[in-house]
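Okay, so here's the structure we're looking at.
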Amino acid sequence: MSLHHHILGLLLLSFSTTALASSPVKALPDNEIICMKALEKLIVSKQMVFSDSSAKPDARRNAERVIDAAREVFNSNQSYCEAESAMHSYQSDKDAGFRSRQGEINFFGRDVS
């Protein structure tokens, strides 16, 4: 092959990699099944924290928000893998504090005199 062919091949390769990087990546159906099972375990573990009346209220609120984040991602993308990733990458907003948002539970069984 000539030098011209090698350069053309490299340009095409770099273009196709750039095009792939900018396009949304969808998981294969088999991966979605794996992610669905992993997501199920994550949601159950967070639900157990949320339902534990002896857990600290901020831990319960965080568990609720992690589940909500995964639910929002799944509802918009219909991808278990993306929802699982959202749960793993969720960062609580430290500035927002403990205040409940619309739709969130606002009483965690604390003694109120």
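The values are calculated or read from the model by the stated rules, or taken from the named source; none is laboratory data. If you're wondering where the values come from, they're calculated on a predicted model, not measured in any experiment. Here Cβ is always computed from backbone atoms with ideal geometry, including for glycine, and neighbour counts include all displayed protein chains. For accessibility, only protein heavy atoms count, side chains too; no ligands or nucleic acids. Shrake-Rupley method; radii C 1.70, N 1.55, O 1.52, S 1.80 Å.
Condition (residue is under 18 Å from Y90 (Cα atoms) and either outside any helix (DSSP H, G or I) or at pLDDT 90 or above (or both)) applied to the range 19-36: is it met by at least one residue? Checking the range 19-36: at least one residue is under 18 Å from Y90 (Cα atoms) and either outside any helix (DSSP H, G or I) or at pLDDT 90 or above (or both).
For M87, the criteria (1) open to solvent by 90 Å² or more (accessible area, probe 1.4 Å); (2) modelled with pLDDT of 90 or more hold in every case but one, which is (1). Residues in the range 35-68 that are open to solvent by 60 Å² or more (accessible area, probe 1.4 Å) and without any contact (Cβ under 8 Å) to a residue 24 or more places away in the chain: K37, E40, K41, V44, Q47, M48, S51, D52, S54, K56.
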